[in-house]
Structure formats: C-alpha cells, structure tokens
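One structure is given below, encoded as structure tokens.
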Amino acid sequence: MAGEWKQVAFADVIELISGGTPKTSVSEYWGGSIPWLSVKDFNTGYRWANTAEKTITERGLAESATTILNRGDIIISARGTVGVVAQLAQPMAFNQSCYGIRGRQGIAETNFVYYALRHAVSQMQQVAHGGVFNTITRDTFKIIKTKLPPLKEQRAIACILGALDDKIELNRRMNETLEAMARAIFKSWFVNFDPVRAKAEGQQPPGLAPHIADLFPDAFEDSKLGQIPKGWKVGTLGGVCEKAQYGYTATATDDPIGPRFLRIKDINKQDWIEWQNVPYCRIKKDKIDKYRLAKGDVVIARMADPGHGALIEDDIGAVFASYLIRFRPIRPEFGRFLQYWLRTETYWNLVISRQSGTTRANLNAQVLSSFPLVVANDKVLKAFSSQVDALRSKLVGNVNESRILASIRDTLLPKLISGELRVADAERIIGRTI
C-alpha cells in the first residue's frame with residue numbers, strides 16, 4: 001500500500017487563502033451576518049469551528065482583504081498561538097493571522113489534508129525550540145511535507161478519523177444541551193422563582209411533577225434582597241460553607257511526584273475539569289489533608305481570573321494552588337446550588353463591585369464569604385441537586401468517552417498518515433469503540 005504513496009510538500013497539493021480585517025474605525029463594516037473568525041474562535045481542541053465572536057457586513061467583506069471560506073475548508077493560525085488547525089462548520093470570513101486551506105481538486109481531499117496538517121504541525125511543535133515555530137508563512141507550506149496516498153485511500157483515512165471526531169462533536173453538543181438544561185432549572189427555581197409565582201397565581205408550575213411542585217411555597221415575603229419565596233432565607237456564601245481555605249504554594253510539574261495540583265487555568269476553560277491535563281506537585285505529607293480537595297468542594301479564584309469558580313465533581317485527592325480559595329459546603333446539596341449560583345449575573349455583579357487592588361484585581365475569603373444569596377428550603381435544594389446530578393452524570397460520562405475517543409484518534413492518526421497502519425485494521429479498531 002505504502003508504495004503507491006508520494007512524499008509531497010503541502011504547497012504542491014493545497015490552495016492557500018489569505019484573510020484580512022475590515023477597518024475597525026468604520027462601523028458599517030461590523031455587526032453584519034457574516035461570521036469573522038479569529039484564532040480564539042477555533043482554538044478549542046475540536047475539529048469543527050462552529051461560530052465566531054465577531055461578524056462583518058457585506059460591505060466590510062467587499063472593502064477589505066478578508067475572504068469567505070467554504071464549509072469544510074481548513075483554517076490554521078499563523079501567528080500568536082501558532083499551528084491551531086480546524087475545519088469550518090459553515091462559511092466564514094477570517095483575519096490575517098490565519099490561512100485558509102483546501103485540497104487541490106483531483107489531487108488532495110480537504111478532509112485528509114486536515115488530518116495530515118494536524119500531524120505535521122504536531123511534529124513541528126514537538127521539535128521546535130524558542131522562536132523556531134512562532135510564525136507560519138506561505139513558504140512554510142513549501143517546507144512541511146506529508147505522504148499523499150491515492151484519493152480513494154485519502155477518503156478512507158479521513159472517514160476513519162472523522163468518525164471518531166464526529167462522535168466527539170456529538171458528545172460536545174449533547175453536553176451543551178445538558179448544561180443549558182441545568183442552568184435553565186437553576187434560573188427558573190432560584191432566580192426567577194417561577195414555581196412560586198405559578199403557585200401564587202393558583203396555577204400548577206409548568207413542567208414540574210406534582211411532588212416537586214409541592215416543595216415550593218405559594219407566596220413571597222420581603223427581605224433585604226427584595227421579595228423572596230416565603231420561608232426561604234437570605235444567607236451568605238460563608239454561611240453555607242465551612243471556613244474558607246486558601247490554597248497551597250507549590251511548583252507544578254508533569255512528574256507524578258505527588259497529588260494533582262489544581263490551578264486557576266485548570267478551572268476556567270470548560271464546564272468541567274480535565275483532570276488528565278492538571279499537573280502534579282510536591283507537598284509534605286502533613287500538609288495534604290489541609291489542602292486536599294473532596295468531591296463537592298467549591299473553589300473560587302481570588303486573583304488572575306477573580307471570581308471564577310468550579311465544583312469538584314471527582315474525588316481524586318488533588319490539592320489546590322494558592323490563588324484559589326476552597327469553600328466546603330456544610331451540606332452536599334449546597335454544592336450543586338453554588339455551582340450554578342457562581343454563574344449568575346447577580347454573583348458576577350458582586351464580584352465586579354467588590355474587587356480590590358490597583359494593579360491586579362483580587363478577591364479574598366472574607367469578601368467572598370460575605371456575598372449574600374437566597375437560601376431555599378432543604379427539600380428544594382435536594383430536589384435540585386438530584387435533578388442536576390443526573391444531568392451532570394451524563395455530561396461527565398460524555399467527557400470521559402470523548403477523552404478515550406480522542407486518545408484512539410491521536411494514536412491512529414500518525415500511523416494512518418504515514419501508511420504504517422492499513423485502513424482495514426483501523427476500521428476494526430474503531431468498530432470496537434464506536
């Protein structure tokens with residue numbers, strides 16, 4: 001099989017397309033219906049770039065150097081965070097820090113080129129030192145080479161690897177839905193008080209089973225936070241948690257010399273913690289218990305990204321860094337409540353108003369502990385925790401499955417791209433997985 005393959009430079013088998021940026025000073029260029037990609041929009045670790053933060057108008061497209069890529073075209077970052085590769089899920093324009101790429105018709109399949117580029121860029125990043133790989137130019141594609149099989153083989157390889165990425169993408173979308181459902185329940189119950197409003201009007205709360213609806217009061221009462229459900233209380237973050245604990249000062253390492261070492265950067269990317277990416281640290285045995293994280297703990301950043309927080313959903317014995325503060329709920333059901341309270345507009349208004357520091361914004365345990373919140377009765381909190389536990393269990397299951405699929409893909413990719421592994425053998429491997 002490999003004897004039919006050719007060693008080629010990417011420049012010989014692809015079309016390379018440059019991007020551009022409409023003048024930011026011309027308001028008529030911005031806010032239109034055309035998505036306009038920058039690197040941060042597709043630096044997600046996923047194959048597909050689905051949306052862009054900014055959009056441009058038809059005039060902005062016509063009067064600038066940017067251009068529109070087709071669905072399925074490749075985009076690669078050329079400056080800044082270099083070598084991030086993705087494919088477009090819909091037509092989009094893009095900026096000059098990226099290149100658009102598609103395979104030359106009849107020579108290279110774009111889907112195959114995507115995986116070949118991922119492999120080539122990964123190799124370059126592994127051997128690069130300092131500034132060797134800090135910019136991609138058009139000449140770079142004359143240097144980077146790949147093995148190119150016949151078109152039929154290209155399609156088969158892309159199909160195999162794509163099947164794994166498609167399942168990862170499906171899990172991602174399912175997780176977005178699950179997370180949206182959990183947030184919607186929290187907002188309905190604890191922000192808008194929808195079940196209480198319905199009962200106050202003599203109606204059955206829509207979408208709630210009778211035994212859940214019975215847990216909510218049917219009237220409101222005044223409080224220092226305004227009207228709240230009758231029988232509920234105004235408390236504080238510190239009041240529903242044990243005494244707050246600052247984290248441990250240590251140096252992170254990839255060597256498994258101690259427990260995992262949770263940092264701010266490990267909690268501010270997604271709606272879950274990717275523990276396999278969390279480094280380790282060295283810590284004295286007599287300090288571990290003080291800084292060990294338990295399932296149900298809440299950690300909040302006090303510096304760097306002040307206010308951002310996460311619920312610990314895995315009991316792996318990790319410890320946490322000094323820029324984090326641990327809040328341990330006095331009852332388990334408060335954990336789920338706080339997980340979603342930390343995402344509310346009310347909470348973030350408090351964070352913004354209470355930050356201190358002239359050169360670097362920061363929060364401290366005393367300030368965070370004083371944040372007021374509306375505390376529902378125990379039965380409502382337990383019902384919320386139970387419902388969200390089920391949603392989060394599915395979400396975490398999808399995350400774990402996607403991690404396994406990504407590992408299989410990353411193992412197969414270099415072997416398929418090099419011709420070391422036959423397509424039929426790879427099909428048998430993923431057939432046992434998906």
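Within region 388-407, identify whether any single residue is assigned to a helix (DSSP H, G or I) and over 29 Å from Ala182 (Cα atoms), and answer yes or no. Working first, answer last.
Of all residues in region 388-407, those assigned to a helix (DSSP H, G or I) come to 388-407.
Narrowing the set further to residues that are over 29 Å from Ala182 (Cα atoms) leaves none.
Looking through region 388-407, none of the residues is assigned to a helix (DSSP H, G or I) and over 29 Å from Ala182 (Cα atoms).
Kindly provide the set of residues from region 269-286 that are touching a strand residue (DSSP E or B) at 6+ places or on another chain (Cβ under 7 Å) and either among the charged types (D, E, K, R) or over 20 Å from Arg328 (Cβ atoms) (or both), ordered by number.
Taking region 269-286 and keeping what is touching a strand residue (DSSP E or B) at 6+ places or on another chain (Cβ under 7 Å), we get 273, 275, 278-281, 283.
Across region 269-286, the qualifying residues are Pro279, Tyr280, Cys281.
Okay, residues lined up against (1) modelled with pLDDT of 95 or more; (2) outside the structural domain of Ser122 (by TED's automatic domain parsing); (3) under 22 Å from Phe10 (Cβ atoms):
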residue	(1), (2), (3)
Glu28	yes, no, no
Pro35	yes, no, no
Asn50	no, no, no
Lys54	yes, no, no
Glu58	yes, no, no
Val82	no, no, yes
Phe94	yes, no, yes
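Could you list all residues from region 35-47 that are of a type outside the set (Lys, Arg), closer than 25 Å to Leu405 by Cα and buried (at least 20 other Cβ atoms within 10 Å of the Cβ)? Spell out the reasoning first.
Filtering region 35-47 down to residues of a type outside the set (Lys, Arg) leaves 35-39, 41-46.
Cutting the leftovers down to closer than 25 Å to Leu405 by Cα gives us 39, 41-46.
Scanning region 35-47 gives Val39, Asp41, Phe42.
Can Pro279 be described as surrounded by 15 or more Cβ atoms within 10 Å (Cβ to Cβ) and within 24 Å of the chain's Cα centre (by Cα)?
Values: surrounded by 15 or more Cβ atoms within 10 Å (Cβ to Cβ): yes; within 24 Å of the chain's Cα centre (by Cα): yes.
For Pro279, the condition - surrounded by 15 or more Cβ atoms within 10 Å (Cβ to Cβ) and within 24 Å of the chain's Cα centre (by Cα) - is met.
For Val84, work out the one condition from (1) touching a residue at least 40 places away in the same chain (Cβ under 8 Å); (2) of a type in the set (Val, Ile, Thr); (3) closer than 21 Å to Lys142 by Cα; (4) touching a Cys at 6+ places or on another chain (Cβ under 8 Å) it doesn't fulfil.
Just one mismatch for Val84, condition (4).
List the number of the failed condition for Ile75; all other conditions in (1) surrounded by fewer than 14 Cβ atoms within 10 Å (Cβ to Cβ); (2) β-branched (Val, Ile, Thr); (3) part of a strand (DSSP E or B) hold.
(1)
Give me a count of the residues in region 237-284 that are part of a loop (DSSP other than H, G, I, E, B), under 26 Å from Leu178 (Cβ atoms) and aliphatic (A, V, I, L, M).
4
Quick check on region 362-387: of everything there that is among the polar types (S, T, N, Q) and touching a helix residue (DSSP H, G or I) at 6+ places or on another chain (Cβ under 8 Å), which residue is farthest from Lys243 (Cα to Cα)? Write out each step before concluding.
Pass one, region 362-387, residues among the polar types (S, T, N, Q): 362, 364, 366, 369-370, 377, 385-387.
Imposing the further condition that a residue be touching a helix residue (DSSP H, G or I) at 6+ places or on another chain (Cβ under 8 Å) reduces the set to 369-370, 385, 387.
Working: Ser369: 9, Ser370: 12, Ser385: 22, Gln387: 28 Å.
Only one residue fits best here, namely Gln387.
The values are calculated or read from the model by the stated rules, or taken from the named source; none is laboratory data. What you are looking at is a predicted structure, and each value in this text was computed from that prediction instead of being measured. Every residue, glycine as well, gets a Cβ built from its backbone with ideal geometry; the counts of neighbours run over all protein chains shown.
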